[in-house]
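So the structure is just underneath, and the comments pick up after that.
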Amino acid sequence: MPAELKELNEECGLFGVWGNPHSAAITHLGLHTLQHRGQEGAGIVGLTPNGLRRHYGLGLLSEVFTKPEDLTALSGRAALGHVRYATAGGRLLENIQPLLFRFSTEAMALAHNGNLTNALSLRKALEDTGAIFHTTSDTEVLMHLLRRSPASTFTGQLTDALNQVHGGFAFLLLTEKGLFAAVDPNGFRPLVLGTLPDGGTVVCSETAALDAVGADFVRDIQPGELVSITDVGVTTQPYTLQTTLSVCSMEFIYFARPDSEIHGVNVHQARVAMGERLAQEQPADADIVVGVPNSSLSAALGYARASGIPYDLGLVKSQYVARTFIQPTQALREAAVKRKLSAVRAVVEGKSVALIDDSIVRGTTSMQLVRLLKNAGAKAVHLRIASPPLRFPCFYGIDIQSTHELMAANHTVREMRDLLGADSLGFLSTKALEESVNLDPTAPHRGLCVAYFTGEYPTPLYDYADALHKELAQLHITVSEVSA
C-alpha cells in the first residue's frame, strides 16, 4: 500500500453513495479500499428514515466499526464516509469526519480531502463576525461560508462558498436532498464518479474503490466542477472557469493504489515508467534490483526492465505492523521499521543491490533500509529514488508544512548519501517525472503539481506565504545536483 514506510501524513479518503438501499454497507466496503489514505480516524454518516445519523471514531475502520449494529444504524438510501489523516487541525476526536451539522430546518454532513491555504484568515474573519467553531479543522470553514451566502438556491450558496476557499480540496456534502461533490480549480485532489449496477451513484477518491464495490467508472470530476446528485439525476456545473490541471504528483509517486487510474493514467504503469527513466538517468553498478514493499515495487520493476539487471525479492514486509510514520517518537519509528521489513539474506548476501524507493522525506526509513541490507551481507547498496528530491513543503493536503522536516532541503545529495550510509544515491529528474506520468501534455508540468521539488507553487499560498519565504531565506535553498 502507498506510503507505508513514509514519515508523513497522507491525504484523506472520501466515499459517498446516493440512491442505493445498501449505501452504508457499500460505503464501509469502499472505505476499506481507501484505508491507505488515512489511518487516524474514520466515520460514516447515513441518510436513514430518521434523518442523518453518524458513527465515527479514532483509529482504523475496523477499530471504529466493531459491531454489526454500528452499520445497521446508518442504513438508508445514501451515505458519506471518510478516512482521515490530519493535514490541518490536529488529532482530535471532534475533527474526525464527516462533520455533521444540524440546523433548525435541515442537517448536512461534510467531508474534505486536502488543505485550505486561506483557512486561518477566513476563520478569523468569521469569528470576528460572530461565528462559533466546534472543531480545529479547516473543513468547518466551508459550512460557515455556505450558511452565510445570500444566494437563493443551495447550489448557489455552495458556489459562493467554494469561490472563497483556496488551496487543495475535494469536498463531499450530504444532505437529505442530495449528494454534492466539488474539486478545487487545480484538481490537486482526485475525485471520481461511478454508478452501481443495482442502482445508485458513487463518488470517491480513487477508481480502485469503485472496483471494490462493483461500481462502473463514469469519469473523473474536473477541476472547478460542482456535481449535484439527487433523485432527479446527476447534474454538473462549473463553479469557476479559472482552472488549470495540477494533480498532486504524490498521488502517482505513492499515495494512490497501483490499480487506480487518475485522469486516464494508470498509477502502476506511471510508476513503471518512472523506474525506467530512473534507470536511464541514474544507472547503478548492481547485481540485483530490490524494491521497497509495496509502493516502490512498480518503479523497481521498471528499473530492472530498463537496466537489464535482474529483479529479486530482497526485502519482505510484514502485513500486520502499523505504519511507521504514525509512531510519536523517532526511536519508535525506527523500531517499527525493523518490525515491518526484513532483508532476505540468501538473496542479498554478497550482492551489490540497486535499492529502489519512491521518495525520501526525513530519511528515517531509508537509513534503516540501507542498514538492513548491509547487515544481511549486501556488498553495496545503491539507493535510487523514483522521484526528485523533496525540498519544499506541501500546502495542499500533505502534512509537510516546514522545510525543517525535509532531508533534501537541509542537505546536498552527497551529504544525504553519507548520512544514509548508501554507496551511491540518485534521484529522478522533475522532467522525467512529468513525462513518465504524461497526464496532460498541454498543461503546465504536463498536468502535475511538482512544487515539492521545484518550489513553483501553482497557486498563491495565502496564510503560509510569509512563513515559507522566511524558511527558505534561512536555508538558502538552491537547486543542486541530483546524484552523488
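The values are calculated or read from the model by the stated rules, or taken from the named source; none is laboratory data. All of these numbers come straight from a predicted model, not from anything done at the bench. All Cβ positions, even for glycine, are placed from backbone atoms using ideal geometry, and neighbour counts span all protein chains on display.
Among helices (runs of 4 or more DSSP H) entirely within the stretch 347-463, having at least 1 residues that are outside the structural domain of Ala300 (by TED's automatic domain parsing) and in contact with a helix residue (DSSP H, G or I) (Cβ under 9 Å, 6 or more places away or on another chain) singles out 451-454. Residues that are of a type in the set (D, E, K, R), under 15 Å from Ser260 (Cβ atoms), under 14 Å from the mean Cα position of the chain (by Cα) and outside any helix (DSSP H, G or I): does the stretch 29-42 have at least one? No, the stretch 29-42 has no match at all.
With respect to the conditions (1) part of a loop (DSSP other than H, G, I, E, B); (2) surrounded by 17 or more Cβ atoms within 10 Å (Cβ to Cβ), Thr66 falls short on a single one, namely (2).
Checking each residue in the stretch 182-209 for being without any contact (Cβ under 8 Å) to a residue 60 or more places away in the chain and in a helix (DSSP H, G or I) picks out only Thr207.
Among the listed residues Ala467, Ala484, Ala443, which satisfies the condition of being at pLDDT below 95, among the hydrophobic types (A, V, I, L, M, F, W, C), surrounded by fewer than 21 Cβ atoms within 10 Å (Cβ to Cβ) and under 22 Å from Phe169 (Cβ atoms)? I'd like the intermediate steps shown before the answer.
Numbers: Ala484 fails: under 22 Å from Phe169 (Cβ atoms); Ala443 fails: at pLDDT below 95.
So the residue among Ala467, Ala484, Ala443 that is at pLDDT below 95, among the hydrophobic types (A, V, I, L, M, F, W, C), surrounded by fewer than 21 Cβ atoms within 10 Å (Cβ to Cβ) and under 22 Å from Phe169 (Cβ atoms) is Ala467.
Evaluate the stretch 238-254: report whether one residue or more is surrounded by 20 or more Cβ atoms within 10 Å (Cβ to Cβ), touching a helix residue (DSSP H, G or I) at 6+ places or on another chain (Cβ under 7 Å) and among the acidic types (Asp, Glu). Checked the stretch 238-254: no residue is surrounded by 20 or more Cβ atoms within 10 Å (Cβ to Cβ), touching a helix residue (DSSP H, G or I) at 6+ places or on another chain (Cβ under 7 Å) and among the acidic types (Asp, Glu).
Here Arg305, Arg339, Arg333 are screened, and the one residue that is in a helix (DSSP H, G or I), modelled with pLDDT of 95 or more and charged (D, E, K, R) is Arg305. Criterion applied to Val234, Val265, Val203 was being surrounded by 23 or more Cβ atoms within 10 Å (Cβ to Cβ) and not hydroxyl-bearing (Ser, Thr, Tyr), and the one residue passing it is Val203.
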